[in-house]
Amino acid sequence: MRETLILKHFALSFSAIVLAFAVQIHLILPVERLLRLDSNADIVSLMFIPHGIKIALLLTFGMTVLPAVFGAQFLIGFLMSDSHLFDANNVLAAAAGTLCLAIPLAFHNLSFRKPIRSAPMFDGEKNTNNLWLFISFAFAASVLNSLFHSALNGFKIVSLPWMYLFGDVSGAISVFIILTFIFRPLIITFLRRRADYD
């Protein structure tokens with residue numbers, strides 16, 4: 001039964017991340033290219049929705065979401081590459097996008113003496129400030145993501161990482177607003193079912 005639940009979480013998480021990247025690539029980035037004048041519009045977005053989706057999944061499912069994050073990011077990197085061949089940089093980028101989530105979650109769970117794999121929003125205690133939890137994880141993961149990708153791509157620390165940080169956090173806030181105000185009934189139903197199962 002647990003294996004079935006893990007597979008369902010993997011499929012849901014993987015699909016949600018791939019869908020978020022599709023929306024980002026085919027909807028948000030084309031609009032940004034029309035509105036932005038800076039030369040970084042093809043490299044970094046000022047509202048990166050996939051980061052918010054990854055944070056929402058991490059806070060909901062805990063460490064079990066990490067394989068889906070790695071797999072989805074590897075697939076997107078593979079599809080976006082020119083050669084569509086195995087590329088070590090694609091593996092490193094997917095690993096960086098996964099580690100930037102794993103490290104804050106590990107520190108959070110260890111500092112609160114929770115099981116390392118637990119999900120912060122559903123750890124058996126009532127969290128009254130989910131916005132702060134969401135934003136703090138989004139910020140911490142984004143700082144690491146910016147530094148990792150800057151190191152991988154040789155970006156100068158002065159400019160582009162700050163744009164990564166802004167895009168990740170604004171994307172996370174957008175996702176939180178959408179989940180809270182538009183999909184709230186569906187989320188409440190899902191959470192009640194999850195609580196009944198746990």
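The values are calculated or read from the model by the stated rules, or taken from the named source; none is laboratory data. What you see is a predicted model, and the numbers here were worked out from it, not measured in a lab. Here the Cβ is made from the backbone with ideal geometry for all residues, glycine too, and neighbour counts use every protein chain on show. Note: accessible area is taken over every heavy atom of the protein model, side chains too, but ligands, DNA and RNA are not part of it. Shrake-Rupley method; radii C 1.70, N 1.55, O 1.52, S 1.80 Å.
In the set L46, L59, which member is under 12 Å from the mean Cα position of the chain (by Cα) and within 23 Å of F137 (Cβ to Cβ)? I'd like the intermediate steps shown before the answer.
Numbers: L46 fails: under 12 Å from the mean Cα position of the chain (by Cα).
Just a single option satisfies the conditions, and that option is L59.
Among the residues in the stretch 91-100, are any aliphatic (A, V, I, L, M), surrounded by 14 or more Cβ atoms within 10 Å (Cβ to Cβ), modelled with pLDDT of 90 or more and over 22 Å from I25 (Cα atoms)?
Yes, there is a match, as at least one residue in the stretch 91-100 is aliphatic (A, V, I, L, M), surrounded by 14 or more Cβ atoms within 10 Å (Cβ to Cβ), modelled with pLDDT of 90 or more and over 22 Å from I25 (Cα atoms).
Among the residues of the stretch 79-88, is any buried (at least 23 other Cβ atoms within 10 Å of the Cβ) and in a helix (DSSP H, G or I)?
Keep residues of the stretch 79-88 that are buried (at least 23 other Cβ atoms within 10 Å of the Cβ), which gives none.
So far as the stretch 79-88 goes, no, none of its residues is buried (at least 23 other Cβ atoms within 10 Å of the Cβ) and in a helix (DSSP H, G or I).
Looking at A41, is it surrounded by 12 or more Cβ atoms within 10 Å (Cβ to Cβ) and not in a helix (DSSP H, G or I)?
Working: surrounded by 12 or more Cβ atoms within 10 Å (Cβ to Cβ): yes; not in a helix (DSSP H, G or I): yes.
So A41 fits the description; yes.
In a helix (DSSP H, G or I) and open to solvent by 10 Å² or more (accessible area, probe 1.4 Å), is that true of L46? Steps first, please.
On the way: in a helix (DSSP H, G or I): no; open to solvent by 10 Å² or more (accessible area, probe 1.4 Å): yes.
Considered against the rule, which asks whether it is in a helix (DSSP H, G or I) and open to solvent by 10 Å² or more (accessible area, probe 1.4 Å), L46 comes out as no.
Given the conditions (1) at pLDDT 90 or above; (2) assigned to a helix (DSSP H, G or I), and given that L7 satisfies all but one, which numbered condition is not satisfied?
Of the numbered conditions (1) at pLDDT 90 or above; (2) assigned to a helix (DSSP H, G or I), the odd one out for L7 is (1).
Has the stretch 31-38 got at least one residue that is modelled with pLDDT under 90, open to solvent by 40 Å² or more (accessible area, probe 1.4 Å) and in a loop (DSSP other than H, G, I, E, B)?
Yes, because at least one residue in the stretch 31-38 is modelled with pLDDT under 90, open to solvent by 40 Å² or more (accessible area, probe 1.4 Å) and in a loop (DSSP other than H, G, I, E, B).
Does S142 satisfy being open to solvent by less than 30 Å² (accessible area, probe 1.4 Å), at pLDDT 80 or above, farther than 15 Å from H108 by Cα and part of a helix (DSSP H, G or I)?
Details: open to solvent by less than 30 Å² (accessible area, probe 1.4 Å): yes; at pLDDT 80 or above: yes; farther than 15 Å from H108 by Cα: yes; part of a helix (DSSP H, G or I): yes.
It is true that S142 is open to solvent by less than 30 Å² (accessible area, probe 1.4 Å), at pLDDT 80 or above, farther than 15 Å from H108 by Cα and part of a helix (DSSP H, G or I).
Filter the stretch 10-30 down to residues that are of a type in the set (A, V, I, L, M) and open to solvent by 70 Å² or more (accessible area, probe 1.4 Å) and give me whichever is modelled with the highest pLDDT.
Ranking the candidates gives L19 first.
Taking the stretch 153-198 as the search range and keeping residues that are closer than 26 Å to D87 by Cβ, open to solvent by less than 70 Å² (accessible area, probe 1.4 Å) and among the hydrophobic types (A, V, I, L, M, F, W, C), which one is modelled with the highest pLDDT?
Start the filter on the stretch 153-198 by keeping residues that are closer than 26 Å to D87 by Cβ, which leaves 153-157, 159-161, 163-165, 167-168, 171.
When the remaining residues are screened for being open to solvent by less than 70 Å² (accessible area, probe 1.4 Å), the result is 154-155, 159-161, 163-165, 167-168, 171.
Now restrict to residues that are among the hydrophobic types (A, V, I, L, M, F, W, C): 155, 160, 163, 165.
On the way: F155: 64, L160: 64, M163: 78, L165: 82.
The selected residue is L165.
So which of V18, V23, V31, V44 ends up being β-branched (V, I, T) and without any contact (Cβ under 8 Å) to a residue 12 or more places away in the chain? Explain how you work it out, then say what you get.
On the way: V18 fails: without any contact (Cβ under 8 Å) to a residue 12 or more places away in the chain; V23 fails: without any contact (Cβ under 8 Å) to a residue 12 or more places away in the chain; V44 fails: without any contact (Cβ under 8 Å) to a residue 12 or more places away in the chain.
Unique residue meeting the criteria: V31.
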